[in-house]
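Reviewing the structure listed below.
The values are calculated or read from the model by the stated rules, or taken from the named source; none is laboratory data. Keep in mind that this is a model prediction, so the values were computed, not measured. Methodologically, a virtual Cβ is constructed for each residue, glycine included, from the backbone with ideal geometry; neighbour enumeration extends over all protein chains shown.
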Amino acid sequence: MPNWLAERGIGETRFALIEGGEIVETRVQLDSTVQAGAVIAAKLRQVAKPTIAVAGDTEFMLPRGAPGMSEGATLNIEVTRAAIPGGEPWKRPLAKVTDEALRDARIPDPRPAARDALAAAGWDDLIEQARSGAVQFAGGELRISPTPAMTLIDVDGYLDPDELAVHGATAAAKAIRRLDIGGSIGIDLPTTGSKAARQAAAATIDQFLLQPFERTVVNGFGFIQIVRPRQRASLVELAQDRAPFEARALLRRAAFETAGAKRLVAHPAVIAILQSHANWLDALARQLGGAISLRAEASLPMSGGYAEKP
């Protein structure tokens, strides 16, 4: 039976749906991000398009506007899409005016994991896929690239084009779920002259990608577009904000080290993130029962951080 695991981490909470011992779907909630579904109090900063409300230090765009309200008014808003990493204005979190009472959208108080059940189901491989954008499958590879317009998935490999189209569509549908990719998605399958192969590729997407979503047919050039609800950043988009992503990944690895004092060694950009989040280091110290120190090592790749005894 499918089993969702919840793991309270440092700086983020991770959720993974496990089937047959493997991760088939994920969610990552950043502590610093208000989640879709939450209702919060805000102040209307700007009525003219784009309509903007502010809660704390965060600006929320209101695509439906705020009819009948004036600037400076207080209101409740329901978050419809959490913030997406990146500085572009259109990546602000989205919300709508509501009369509903305030509510939190987070899963209540999951505890830190006592054992690394996510790693046993393939979490580390999943994080590497998010970081690299490369997903291997039998006979080929996906290359996943987030763009301002859509997430593009290129399918390449050495199989016959008809066979590669079907296998690539299957792998893409599974990767979309595992990496929590929403919004507009374009899949570039190999060009095939076989209408039957194109139909089979579309059918396998319908089989492995859960509703709700809409899609086009696979056109003669092998391209298919999918639109899914987008309530938060995908794992691939989170990985684009590289230093914070790697800092949280390092904290997760360190949390499963043996108890006692630890020194975290990492790329200077990762160390800078950790230095700016003293509460993260305090949380790790409490989990491990020892002091946490830091050491910058410029020769390390961003993903190469590790914990050592001081």
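In table form, for the structure just shown:
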{"read-out": "Search result, residues across segment 268-310 that are small (Gly, Ala, Ser) and more than 22 Å from Arg131 (Cα to Cα)", "value": "Ser276, Ala278, Ala283, Ala285, Gly289, Gly290, Ala291, Ser293"}
{"read-out": "Enumeration of residues in segment 245-261 that are in a helix (DSSP H, G or I) and touching a Pro at 6+ places or on another chain (Cβ under 8 Å)", "value": "Ala255"}
{"read-out": "Residue within segment 220-227 that is in a loop (DSSP other than H, G, I, E, B), out of contact with any Leu (no Cβ under 9 Å at 6 or more places or on another chain) and among the small types (Gly, Ala, Ser) present", "value": "yes"}
{"read-out": "Within segment 252-289, tally of residues that are farther than 27 Å from Gln240 by Cβ, surrounded by fewer than 19 Cβ atoms within 10 Å (Cβ to Cβ) and either touching a Leu at 6+ places or on another chain (Cβ under 9 Å) or among the charged types (D, E, K, R) (or both)", "value": "8"}
{"read-out": "Criterion violated by Ala298 - all others in (1) of a type in the set (A, V, I, L, M, F, W, C); (2) farther than 16 Å from Arg242 by Cα; (3) in a loop (DSSP other than H, G, I, E, B) satisfied", "value": "(2)"}
{"read-out": "Pairs with Cβ under 7 Å, 6+ apart, first in segment 84-96 and under 16 Å from Gly183 (Cα atoms) and of a type in the set (Phe, Trp, Tyr), second surrounded by 10 or more Cβ atoms within 10 Å (Cβ to Cβ) and modelled with pLDDT under 85", "value": "none"}
{"read-out": "Residue list for segment 229-243, filter: assigned to a helix (DSSP H, G or I) and under 19 Å from Phe15 (Cβ atoms)", "value": "Leu235, Val236, Glu237, Leu238, Ala239"}
{"read-out": "Qualifying residue in segment 90-97 (condition: among the hydrophobic types (A, V, I, L, M, F, W, C), more than 20 Å from Asp241 (Cβ to Cβ), in contact with a His (Cβ under 8 Å, 6 or more places away or on another chain) and modelled with pLDDT of 95 or more)", "value": "no"}
{"read-out": "Residues located in segment 1-17, provided they are in a strand (DSSP E or B) and either without any contact (Cβ under 8 Å) to a residue 24 or more places away in the chain or out of contact with any helix residue (DSSP H, G or I) (no Cβ under 8 Å at 6 or more places or on another chain) (or both)", "value": "Asn3, Trp4, Ala6, Arg8, Thr13, Phe15, Leu17"}
{"read-out": "Test: residue in segment 222-229 that is small (Gly, Ala, Ser), farther than 25 Å from Pro93 by Cβ and outside the structural domain of Gln29 (by TED's automatic domain parsing)", "value": "yes"}
{"read-out": "Strands (runs of 3 or more DSSP E) contained entirely in segment 32-75, each with at least 2 residues that are surrounded by 20 or more Cβ atoms within 10 Å (Cβ to Cβ) and in contact with an Asp or Glu (Cβ under 9 Å, 6 or more places away or on another chain)", "value": "39-46, 52-55"}
{"read-out": "Total residues in segment 212-233, condition surrounded by 16 or more Cβ atoms within 10 Å (Cβ to Cβ) and either among the aliphatic types (A, V, I, L, M) or under 21 Å from Asp180 (Cα atoms) (or both)", "value": "10"}
{"read-out": "Failed condition for Thr192, given (1) loosely packed, with under 14 Cβ neighbours inside 10 Å; (2) part of a loop (DSSP other than H, G, I, E, B)", "value": "(1)"}
{"read-out": "Odd one out for Ile273, checked against (1) touching a residue at least 12 places away in the same chain (Cβ under 8 Å); (2) part of a loop (DSSP other than H, G, I, E, B)", "value": "(2)"}
